Each structure stands twice: as structure tokens, then as C-alpha cells.
Amino acid sequence: MKTGNTRNFIKIMGLLGLFAISACKGSGESQSEDPFAATNFNPYDQDLGRRIQSYHNANTPDETKKGTPALYIDFSSGINKAFSDPTIKSMMSACFNTILAQQFEVYKLGSNKISLLNVANTTELGQQVSDPKQYADIWAPLQSSVEKIVAGNGDALLITDFEEWQKNMEVTNTAFLKIPFSSWIEKGNSIHFFIADYKEGKVNKHLYFTIFSCGHPDAGSLISKLESKLSPSTTRFDLSNNAYQLSTGYPSEKSGGIFYDDGAKSDKAKNILDLKDGYINGLKNGFNFEFYPLGLDWKSIDQLHSTYAGQNQFNDFFRKLFIDLSNEDSYTFGNFSVKVSDVTTDFENFAKADEAKKHQPKLSKGNNGEAKFSDQEKDAIAMTCYNTNGKLKEQWIYKAQASNPLNEVFTLNQTLFTNTRASSPKHVEFGVAFDPKFSVANIHDPEGLIRVDILSNTATPNLQGGKMAKFEWVNAKNTANTALSESIKNTLQELKPVDKVVYSYYIKTKQ
């Protein structure tokens, strides 16, 4: 039994402890409290679809076009011989007419300099390209030009023979473009070579119309505008770790690729998973994802799966996504797989960070000139997430964190993939099937946000063949120049798309 003095001592120590805790909380409250709870912020409200798209983009390397499109022309001596070839001259005119129809920067490469050309129209540019006096020396700084393109983050066309001279010596076997090529491709971009053959004296050479394509191509991209003008008279090679094309064969724009009961009598009855109007097909805008808001919970989905399985239906959760694997310039793709993750925590952190950016606080100065929030500022999110200098606190800047893997939920329909690939490599179907050991218990948070990724597991770089030979030549001194081919081969070997996400589905079931 405790004595009275003992009880008083415990009470005093308890009060001291509470005081200490309160003091700690007061000094670090802005670091620990979550203002979003106090303001009833709901990341799953009517803006969920928009947030999913922003969240996906934040976690996907995709270089958006930032810089002004540019044209780089090699003016080194000897290359004017290529420019006078009738076929090449015609292609150049077609490129110039297309490019100069919009705002464009034009650069001349020569005398170890990258010089901005002030040309008002196609005629002026054509006159300079046709003027032999413009080709004064052999010093076109190709490595510096490619580095400038990569740093510019915009579409560019480089017309050159890729002969690089450094320290008065021709670069013949060093992979001098490997680093900028890899940097460009790693950001989700691609490089398209359109190769025209010509002769310089007795030397067989190549002229490369090289398009640096930034991000997902669209109608305004250089590759979209120029490929039809260059393809007929050239050999094309695509340097990319995502040269495949994706497409869908969905019954309607808003149906997606989930299972429907076609035997039902009404559209509502066919929509057994109760897909809501918030469905998003990002592929329509060049983004490899979809978002499926469903009106059922996972328990009901499991019951439907069991019911329809007896009719040999609803074995696949997703179908009708197709991939064109016929372009093997860079890689031959092998196996693919499916990975399932719970991304709830990471998504909610992103949603809060994204919301915080909309709550820029009102600022003022204190009596001694110190930075402070305005006395009129009452926004809890602004006052908690920002410093008094108006900058977001580090903890409210989104940083992706590892998701929670979910096993034995979905798997790739390997039979479907294998059979359709054998039938037509241009139209291979992905099916995401229920795992044989599927159970609702395998989904740790049935009300969470689920991400289903299709991954490329193996990809073999294509380092030989007729197209690769187009990146090599034998110069006038009878020395083989393999510098360009080595740059490409090194890039392919370094950036193999292994365990790389090809496509993503996001699923949010009924809460």
C-alpha cells in the first residue's frame, strides 16, 4: 500500500511530466500537427480523378516540352557535298518549310562554335546552306551540340554526319555521345535517326536527320511533323527504351477494360463492377495509366468473381490493352509481369502536399522587420505548412515513398499474351487475371488505393544488324569510325528497361 507522501510525490511528478509534454508540444506543434485533419480535407472527393493523374505524372519520368524547338545544322567542310545531293536537298527543304512555319531557333555548327543563325524564312536558310563559303573548316562541335539539346528540354532536329573532331583528332572509337544520349533517354525521351546514304569522294558516308523527341509525342511534336517527309528516302532507327506503342480496344470511351456482363439486358446491369463516371483513360492523352472508381467493395467483387467463374467468365479483371512489340530497333522485349501495390499512404501524402501549394500565406513584417504571417491570415494549412518567409516546409514537399506490395491478387494472363504475340507482334494483348490464390484477405486495406502495374521483365539490346551498321563508316584514311555506334550500344546496354513500368491501373473501390 502506498503512503500519502508517496501518492503526493507521484502526483507532483505526473504534473511535471504533463508540463514537459505540453512544453514540447508547444515548441514543435507546427512540425507535428496535421492541418488537413482539422479542415476535413478529403483526398478522395470529387477531384480524385485529377489527383490520380497528377500523382501518376509525379511518379513517372516524362520530360514535358519546355524549350523552344531548335534546328542544328552541321556546317563542317565536306558536308556541303551531302547537302547538294538531290534527294537530301529535297528532304532538307521539306524540313525547313515545316520547321520555320513556327517559332524556332536555328543554330550553325562550325569553327568549334554553336552560332545562332538569324534567318527570317526558308529562303534565307536555304541560301546559307547552299553557300560553299559557309563551310570553312571541319570543326563542328557535335558533342557540345547534343549536350545543349539535352539541357534544353525541347524538341530538336540535328542534321549532321556525326564526325567529331577533338584536339585536332577525329574521334573514331570513343563513345563520346553515350552520356548525353543516356541522359535524354533516361528522362523518358527518345531519339529518332533518319539515315541517308551519300558519297564523299570515294568514301561511303551517312547523313543523319536526328530528331530529339521530348516526352510523349503529339501532333505538335517534331517527330509527328517530319517522319512522313523523311521516311521514304532514309533508314529509320529509334533509340528508346519505350519504342513500343500501346492502344486499347474498349467497347466505348467510358467503359474501360474491365469485365462487363454482355448477356445482361440493360447497360446498368452489364456494368457489374459499377464503374463510375470518374473513370479516366490517360492513354488518350499519351499517359500510360487508367483510373477505375468502382461502386462495389472487394468482398462483392470476390463474390462476382466466384459466381462468373462457374460460367468461365470474369477470369480477367482487365483486358483489351494492346502493345505493339514489332519495333526492335533498340530492344527485343521478353517477359512481362504484373505487380500489385497499396499506394494509399503515398497518395494521401501527395494529395496533401499538392493541396498545400494552393494555400500560399499572406505575409507581413513585424515591429523589428522580421518575417511573419499577416494578422489577417487565418488559413490553418497556410500557417502550418509554410515558413514565415513564404516557402513550404520540407515536410510538406512531396517525396515518393515505397508502396506496400500485395501478393496473390492479380497476375498476367500469360497464355493470352503468348498466343496473341505469336499471332501478331504488332497487336499483343495484355490481360490482368485474378491470381489462382486470390483472396480479399490479400488486400490489406480494402478501402485503400490499389495500383496495378504491368512490368517489362526482360529486354535484350539489339547491338548488331543492318541498321546498327548504318552508324559506322570507314573514313578517307581507311580507318573505321565506330564512335557513333559505340555511343548507341553503350546507351542501350546501360538503360535496359528491366522491371520497368509499362502501364498502370489505379483502382478505388467503394468506401
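The values are calculated or read from the model by the stated rules, or taken from the named source; none is laboratory data. The shown structure was predicted, so the numbers you read here are calculated from the model rather than taken from an experiment. FYI the Cβ positions are ideal-geometry reconstructions off the backbone, even for glycines, and counts take in every protein chain you see. Surface areas here come from the heavy atoms of the whole protein model, side chains and all, with no ligands, DNA or RNA. Shrake-Rupley method; radii C 1.70, N 1.55, O 1.52, S 1.80 Å.
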- Query: Here are some residues: GLU494, GLU472. Which one is touching a Leu at 6+ places or on another chain (Cβ under 9 Å) and not small (Gly, Ala, Ser)?
  - Reply: GLU472
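I'd like to check which strands (runs of 3 or more DSSP E) are fully inside segment 253-344 and have at least 3 residues that are over 30 Å from LEU463 (Cα atoms). Lay out the reasoning, then the answer.
On the way: elements: 289-293, 316-324, 331-333, 336-342.
By residue number, 289-293, 316-324, 336-342.
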- Selection from segment 482-511 of residues assigned to a loop (DSSP other than H, G, I, E, B) and among the basic types (Lys, Arg) yields LYS496, LYS510
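I'd like the residue in segment 95-116 that is of a type in the set (A, V, I, L, M) and either open to solvent by less than 30 Å² (accessible area, probe 1.4 Å) or touching a Cys at 6+ places or on another chain (Cβ under 7 Å) (or both) and, out of all such residues, is modelled with the lowest pLDDT. Step through it out loud before you land on a result.
Just the residues of segment 95-116 that are of a type in the set (A, V, I, L, M), to begin with: 99-101, 106, 109, 114, 116.
Going one step further and asking which of them are either open to solvent by less than 30 Å² (accessible area, probe 1.4 Å) or touching a Cys at 6+ places or on another chain (Cβ under 7 Å) (or both), we end up with 99, 106, 109.
Details: ILE99: 86, VAL106: 93, LEU109: 95.
Out of the qualifying residues, it is ILE99.
Answer with yes or no whether SER424 is among the hydroxyl-bearing types (Ser, Thr, Tyr), modelled with pLDDT of 95 or more, over 32 Å from the mean Cα position of the chain (by Cα) and open to solvent by 30 Å² or more (accessible area, probe 1.4 Å).
Numbers: among the hydroxyl-bearing types (Ser, Thr, Tyr): yes; modelled with pLDDT of 95 or more: yes; over 32 Å from the mean Cα position of the chain (by Cα): no; open to solvent by 30 Å² or more (accessible area, probe 1.4 Å): yes.
Spelling it out, it is not the case that SER424 is among the hydroxyl-bearing types (Ser, Thr, Tyr), modelled with pLDDT of 95 or more, over 32 Å from the mean Cα position of the chain (by Cα) and open to solvent by 30 Å² or more (accessible area, probe 1.4 Å).
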- Task: Scan segment 64-94 for residues that are aromatic (Phe, Trp, Tyr) and either at pLDDT 95 or above or open to solvent by 50 Å² or more (accessible area, probe 1.4 Å) (or both) and jot them down.
- Result: TYR72
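Table: residues versus (1) exposed (fewer than 14 other Cβ atoms within 10 Å of the Cβ); (2) at pLDDT 95 or above.
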{"residue": "VAL452", "(1), (2)": "no, yes"}
{"residue": "SER456", "(1), (2)": "no, yes"}
{"residue": "ASN462", "(1), (2)": "no, yes"}
{"residue": "LYS477", "(1), (2)": "yes, no"}
{"residue": "ILE488", "(1), (2)": "no, yes"}
{"residue": "GLN493", "(1), (2)": "yes, yes"}
{"residue": "LYS508", "(1), (2)": "no, yes"}
{"residue": "GLN511", "(1), (2)": "yes, no"}
- Query: Quick one: how many residues across segment 365-406 are over 16 Å from GLU355 (Cβ atoms), out of contact with any Ser or Thr (no Cβ under 7 Å at 6 or more places or on another chain) and of a type in the set (Gly, Ala, Ser)?
  - Reply: 5
- When you go through PHE176, PHE162, PHE194, PHE237 one by one, which is the residue that is within 28 Å of SER115 (Cβ to Cβ), modelled with pLDDT of 95 or more, in contact with a helix residue (DSSP H, G or I) (Cβ under 6 Å, 6 or more places away or on another chain) and part of a strand (DSSP E or B)? PHE194
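Does GLY154 qualify as being in contact (Cβ under 8 Å) with a residue 12 or more places away in the chain, touching a Pro at 6+ places or on another chain (Cβ under 6 Å) and open to solvent by less than 30 Å² (accessible area, probe 1.4 Å)? Break it down into steps so the answer makes sense when it comes.
Working: in contact (Cβ under 8 Å) with a residue 12 or more places away in the chain: yes; touching a Pro at 6+ places or on another chain (Cβ under 6 Å): yes; open to solvent by less than 30 Å² (accessible area, probe 1.4 Å): yes.
So GLY154 fits the description; yes.
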- Message: Cβ-Cβ under 8 Å, sequence separation 6+ or interchain: first residue in segment 164-192 and within 19 Å of LEU239 (Cα to Cα) and open to solvent by less than 10 Å² (accessible area, probe 1.4 Å), partner assigned to a helix (DSSP H, G or I) and of a type in the set (Gly, Ala, Ser). Which pairs?
- Response: LEU177/ALA483; LEU177/SER487; PHE181/SER487
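Restricting to segment 398-419, what's the tally of residues that are outside any loop (DSSP other than H, G, I, E, B) and either in contact (Cβ under 8 Å) with a residue 12 or more places away in the chain or among the charged types (D, E, K, R) (or both)?
As a first pass, look at segment 398-419 and keep what is outside any loop (DSSP other than H, G, I, E, B): 404-406, 410-412, 414-419.
Keeping just the survivors that are either in contact (Cβ under 8 Å) with a residue 12 or more places away in the chain or among the charged types (D, E, K, R) (or both) gives 404-406, 410-412, 416-417.
Total meeting the criteria: 8.
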- Item | Members of segment 295-313 that are in contact with a strand residue (DSSP E or B) (Cβ under 8 Å, 6 or more places away or on another chain) and either open to solvent by less than 10 Å² (accessible area, probe 1.4 Å) or free of Cβ contacts under 8 Å to residues at least 60 places away in the same chain (or both) | ILE301
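Looking at the structure I just gave you, is PHE36 assigned to a loop (DSSP other than H, G, I, E, B), at pLDDT 85 or above, surrounded by 15 or more Cβ atoms within 10 Å (Cβ to Cβ) and among the hydrophobic types (A, V, I, L, M, F, W, C)? If you could, list the steps in order and put the result at the bottom.
Values: assigned to a loop (DSSP other than H, G, I, E, B): no; at pLDDT 85 or above: yes; surrounded by 15 or more Cβ atoms within 10 Å (Cβ to Cβ): yes; among the hydrophobic types (A, V, I, L, M, F, W, C): yes.
Answer is no for this residue.
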- Query: Just one of the numbered conditions (1) touching a Phe, Trp or Tyr at 6+ places or on another chain (Cβ under 7 Å); (2) in contact (Cβ under 8 Å) with a residue 40 or more places away in the chain is not true of LYS254; which one?
  - Reply: (2)
